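The values are calculated or read from the model by the stated rules, or taken from the named source; none is laboratory data. Not measured: the values here are computed from a predicted model. Virtual Cβ from ideal backbone geometry, glycine too; neighbours counted across all protein chains shown.
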Amino acid sequence: MKALTRAWRCQRLLDESVCTSIREIAEEEAVNRSCICRILPLTLFAPDIVECIMDGRPAPGLPKSLKPVPM
């Protein structure tokens, strides 16, 4: 859930032209560029998969390593 939240925040920074590159986002978020490159594709998940992850349910089609961890 944390990665999804961060990914959508980064996407919003791009959409609103606050940042114009991954480097700028990494500086804004105080993380390494590779971290941004790994999480940004999470914004491309289908809405039903995002909903499953946020609800803590197993998402169909996701590898076991990406299934949510119980709180």
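At-a-glance table
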{"item": "Cβ-Cβ under 6 Å pairs, at least 6 apart or on other chains, segment 12-28 side closer than 15 Å to Leu40 by Cα, far side part of a loop (DSSP other than H, G, I, E, B)", "result": "Leu13/Cys19; Ile25/Cys19; Glu28/Cys19"}
{"item": "Residue match in segment 23-43 (condition: among the hydrophobic types (A, V, I, L, M, F, W, C), exposed (fewer than 11 other Cβ atoms within 10 Å of the Cβ), modelled with pLDDT under 85 and part of a loop (DSSP other than H, G, I, E, B))", "result": "no"}
{"item": "Residue list for segment 44-71, restricted to those being part of a helix (DSSP H, G or I), among the hydrophobic types (A, V, I, L, M, F, W, C) and modelled with pLDDT under 70", "result": "Leu66"}
{"item": "Count of residues meeting criterion [of a type in the set (Asp, Glu) and more than 25 Å from Ile53 (Cα to Cα)] in segment 1-34", "result": "4"}
